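The structure under discussion appears below in the form of structure tokens.
Since every read-out is calculated from the coordinates, none of them should be taken as a lab result. All figures in this text were calculated on a predicted structure; none of them were measured in a lab. Neighbour counts are summed over all protein chains in view; Cβ atoms, including those assigned to glycine, are modelled from backbone coordinates with ideal geometry.
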Amino acid sequence: FSFLNNIKKEALIGFINEKCNLSDDCCSFFQKKLFFNPFVVDSVKNSLKSENIKDYDLIHFRIGDNVSFLGSDDHDGPTNEECFYICKKEFEQRGSNLPMVVISDSNKLKSYIKTQAEKYGLPFYVFHTSSGHMQNRPSSLNESEESVCYTTDNLFYAVFDMKLLSMAKTAKSYSVYSWGSGFFAWIAKIYKVPCWLQPFPKLDIGDKKIIS
């Protein structure tokens, strides 16, 4: 994988989208190694059943460790309003009537989208606000920054989101990172979910007026 170091940052997501497809044998190998605990399977099944959801598309927002887990402000990053606008735009443009399940590293964002979707009667579904990082020292943190704390609930809901992603009809991810989201990309590819990674768009003046 050393050749990946020679790929320009802005081209990395495109490379993962276009080139990093897994063979049937590779997918089968990983699927046989990854076992979802029955409690996770039942929890996902019951959550979907509670909303009468059988099939769905999925959208994922990777807001970043500092914002999601350390409470920092990123004035250059996407706002909750912008992410909700992306949900609406994706729903309108995709030509599908399937509901949209939303997952994210940001619990605040998920809470906002859930509230707005209920307010406007849109079929966007958030099943928990208990996400956490799976490492005390994510690679994105500097040595001087405090460690990330996580709980067994955070671990459970990480796998919960993996199961949701593995069952989606289609999936799309928006990330603040140039490499997108490995959590999203490889689970989707292993389970053969048609997926696409996307950097957060820079909204034009017209879009911002709509949001405001």
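Some points to look at:
- Extending 7 Å from the Cα toward the beta-carbon at both Asp24 and Ile53 defines two label points whose distance is 3.0 nm.
- Distance violations [Cα-Cα > 27 Å] among Lys45/Lys202; Lys89/Lys114; Lys114/Lys169; Lys32/Lys114; Lys119/Lys189; Lys88/Lys163: Lys45/Lys202; Lys32/Lys114; Lys119/Lys189
- Summed side-chain charge close to Ser47 - residues other than Ser47 whose Cβ falls under 14 Å, Lys, Arg +1, Asp, Glu -1: +3
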